[in-house]
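The values are calculated or read from the model by the stated rules, or taken from the named source; none is laboratory data. Every value quoted in this text rests on a predicted model; they were computed, and no experiment measured them. Cβ sites come from the backbone with ideal geometry, for glycine too, and all protein chains shown count toward neighbours. For the accessible areas, the whole protein counts, side chains as well, though only heavy atoms, and no ligand, DNA or RNA atoms are used. Shrake-Rupley method; radii C 1.70, N 1.55, O 1.52, S 1.80 Å.
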Amino acid sequence: MRTPVAILCGEAEVTLAQEKRSEQEYRESLRILGDEAKRLKHIVEDLFTLTRADAGQYPLQPLDFYLDELVGECVHSARTLALAKKISLNFEEASESPIRADESLLRRMILNLLDNAIKYTPDGGCVTVICRRAADEYVLSIADTGGGIPADLQPRIFERFFRVDKARSRAENDGGGAGLGLSISRWIAEAHHGRLELTSSNSGGSTFTAFLPAVPVPSVTSG
């Protein structure tokens, strides 16, 4: 949290220190302040989510819906991010996948994984999403064509606040994350009695796979 706070303070001090600035300069400063405030808000929300989850105070709100439709909606939402980097975002056609789960939480997990894949894929790359059923579970895979994660760091990627930015290329204007997205995503999968794994990672890219029960999930408090 120190980075966005430092940027907020620094930008405000620089702006106030100059007696005369053009409207364009003020607007640019406000844009920076706004972006960092949103980033800080996101970090606080993630911390609040994990705190409630640790305390067993984040009850699931299961609904009946189709997982394939939810994935399609998330892919559609992420297309703007992909287009900005000229990344091809492909969702292979999936069969109907009825599920009873917390739709809001699964949406958050999927968007986290898509955002991660797009961030670490270089311009002109490709992100592929596959949703299929295997026996009594759904298998949702999101593969990127980034630089991969070094083998010695792979066991740590789901740790809170752990970031592998030095190992995987990020856009200079991305600003970085807090290292909570994958931790929250794994918690969401496990709260649904499923699991989230890094199923492959090498110089050709990485694939994260969520395994979710195809049977209804009991309405219980996760923890």
If unit charges are put on Cβ atoms (+1 for Lys and Arg, -1 for Asp and Glu) and the dipole of the stretch 4-150 is taken about its Cα centre, the option from 110, 70, 30 lying farthest towards the positive end turns out to be 30
May I ask you to order 106-119, 22-35 by the average number of other C-beta atoms within 10 Å around their residues, highest value first? 106-119, 22-35
What's the magnitude of the charge dipole for the stretch 24-65 around its Cα centre, counting Lys and Arg as +1 and Asp and Glu as -1 at the beta-carbon? Answer in Debye, nearest 20. 100
Contour minus end-to-end for residue 90 and residue 115, with contour as 0.36 nm per residue of separation and end-to-end as the Cα-Cα distance? 7.6 nm
The stretch 40-174 accessible area per residue, 1.4 Å probe, protein heavy atoms, integer Å², reads 54
Counting only protein heavy atoms and using a 1.4 Å probe, what share of the accessible area of the stretch 1-118 belongs to carbon plus sulfur, as a whole percent? 54
Shape of the stretch 1-121, Cα gyration tensor, a/c cut at 1.5: oblate
Between the modelled labels at residue 12 and residue 156 (7 Å from Cα along Cα→Cβ) the distance in nm is 3.4
Per-pair calculated FRET efficiency, R0 = 35 Å: residue 199 and residue 55 via Cβ, rounded to 0.05: 0.70
